[in-house]
1. Being more than 22 Å from LEU324 (Cα to Cα) and among the aliphatic types (A, V, I, L, M) is the filter here; which residues of segment 108-136 pass it?
2. Test ASP122 against the stated conditions and say whether it is within 25 Å of TYR382 (Cβ to Cβ), surrounded by fewer than 22 Cβ atoms within 10 Å (Cβ to Cβ) and of a type in the set (Asp, Glu).
3. Of all helices (runs of 4 or more DSSP H) completely enclosed by segment 137-212, which ones contain at least 2 residues that are touching a Pro at 6+ places or on another chain (Cβ under 7 Å) and farther than 20 Å from VAL23 by Cβ?
4. Look at segment 277-302 and say how many of its residues are assigned to a helix (DSSP H, G or I), more than 30 Å from THR245 (Cα to Cα) and away from ligand 2 (no atom under 16 Å from the Cβ).
5. Would you mind finding the one in SER247, SER299 that is crowded, with 20+ Cβ neighbours inside 10 Å and hydroxyl-bearing (Ser, Thr, Tyr)?
6. Looking at GLY71, GLY20, GLY26, GLY66, which one is at pLDDT 95 or above, crowded, with 24+ Cβ neighbours inside 10 Å and within 16 Å of ligand 2 (Cβ to nearest atom)?
7. Within segment 403-431, work out how many residues are in a helix (DSSP H, G or I), aliphatic (A, V, I, L, M) and surrounded by fewer than 20 Cβ atoms within 10 Å (Cβ to Cβ).
8. Can you find a residue that is within 16 Å of ligand 1 (Cβ to nearest atom) and touching a Leu at 6+ places or on another chain (Cβ under 8 Å) anywhere in segment 280-300?
Amino acid sequence: APEKRETFSSRKLFILSAVGSAVGLGNIWRFPYVAYENGGGAFLIPYLVAILCAGIPLLFLDYAVGHRYRGSAPLAYRRLNRKAEVLGWWQVLICFIIAIYYAAIIAWAAMYCWFSITKAWDKNPDGAGAFFQSDFLKVAPEAGVGFDFVGSIFVPMILVWLVTIVIMVAGVNKGISRANAVFMPLLIVMFAILVIQSVFLPGAIDGLNAFFTPDFEALKNPTVWAAAFGHIFFSLSVAFGIMVTYSSYMKRKSDLTGSGYVVAFANSGFELLAGIGVFAALGFMAHNAGQSVDEVATSGIGLAFIAFPTIVSQAPLGAVIGVLFFGSLVFAGLTSLISILEVIVAAFQDKLGWRRTPATLIVSIPVAVISLLLFPTTTGLYLLDTMDAFVNQFGILACALVIVIVLGSGLGALPKLAKHLNRHSSIKLGTGWKVLVGGVGPAALGYMLINELQTKMSEQYSGYPAWFNGIFGWGMAGALIIGAVLLSLIPWSKNSKLDDP
Ligand code: PHE
Ligand code: NA
């Protein structure tokens, strides 16, 4: 007999898991710098506009599709309309690419927890940056694909995959919910202590001033608005299939919009807290080096693996800062990785009619193997960088744009989805929602996509050789679409119920 589809046992656990997915590396290492670069305190205005006009409306769209059609992304879209299945597979493949490199970053962060105690980077006379590139990742001099493995990354990556797969096999309640119920409180407590410790560092106030001082002139600049919209799509994990999948596990009787607002504002609250913590720490770093905050401010890998180690070495009780910071990256990353993997597992489970355990193992193990073959190598950083730039920053925009156009104009699905949302929500939506999803969504996404396209075409990404970007950037982004079409052509299992539930 086919297994009964699991549901989150309570609304609280759904919210916790959805927040676990939304709060990821982006909140910690991306938001602070994006806000700082785009108007500081004044960025709050485009940011709030982007949340209310695009982020939350699209989050509701994902919830509506998942909760109404009760399936993984391909199944939910298929039930909505036969031809829409391919959209779900596109999301599955995007999640696959993100999953294989997200695990690598989590593994690096885990190693850096340990290095915070040993201060391993102090042994390199050229500093933490040189340590990261040469001693830790052993980055090859040129971009390429070699299978030159780096043991000290391979081992922690195996552990990351083991932990993740064990959680996935256990299922929605015993695995995903439970992991989030443990990791999220831990993350919040650790991060709160980190922020408090950071604001008391000498020089912290300069960092906070740099972060909060509003530059209202910036609001006249369209790229600032695009940055706000771009960040919020990524930060809320909308249009990745994640929220479709998670909301398909919500009980039929739920409060969709009420939960959505909680998730969105919890995510923003965490980002704001991260802005404070990160800039307080950067203020200390600048103060120590006799530099301006502007000279030390960075984001992403540079912030986490170059700036923070420097701070850890110089700050009073630096080891504590390091363990809290890198530990936060690990927990924030793991809860996001789980959600990304669930998109893939649930999709194959539905399509092939498998039970949870075999589906999880048959799907996750190959994903883990590919991740382990590509990323703990001397060329892993190049691959990660290019895949992130083309799939995560570019492919996802294209996918999101196609989805809002297809659901909005193509299939005219918004009225019935709005009706579903209103039937299952404490906070009701008016026509405004349809206008935002059908009009503002495509306009904002279209504008950003054109912008991205121009940037990606005008300069060789990061100065990598053209063949490298051709294959792993453009080629990969295109292959995902072809792959999605092929996957949608595979017949569904006899166990799968394709009609409207
Ligand atoms: N929303 C997460 C963040 O802000 C990132 C993420 C993207 C997580 C895609 C899952 C999937 O970091
Ligand atoms: Na986020």
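1. ALA130
2. no
3. Details: elements: 151-171, 178-199, 204-212.
In segment 137-212, 151-171 are the helices (runs of 4 or more DSSP H) which contain 2 or more residues that are touching a Pro at 6+ places or on another chain (Cβ under 7 Å) and farther than 20 Å from VAL23 by Cβ.
4. In the first step, residues of segment 277-302 are kept if they are assigned to a helix (DSSP H, G or I); the result is 277-289, 293-296, 300-302.
Pick out the ones that are also more than 30 Å from THR245 (Cα to Cα) and you get 277-289, 293-296, 302.
With the extra rule that they be away from ligand 2 (no atom under 16 Å from the Cβ), the set shrinks to 279-289, 293-296, 302.
Final tally of qualifying residues: 16.
5. Among SER247, SER299, only SER247 is crowded, with 20+ Cβ neighbours inside 10 Å and hydroxyl-bearing (Ser, Thr, Tyr).
6. That would be GLY20, the only listed residue that is at pLDDT 95 or above, crowded, with 24+ Cβ neighbours inside 10 Å and within 16 Å of ligand 2 (Cβ to nearest atom).
7. Number satisfying all stated conditions: 2.
8. no
The values are calculated or read from the model by the stated rules, or taken from the named source; none is laboratory data. Every value quoted in this text rests on a predicted model; they were computed, and no experiment measured them. So basically every Cβ, Gly included, is an ideal-geometry build from the backbone, and we count neighbours across all protein chains shown.
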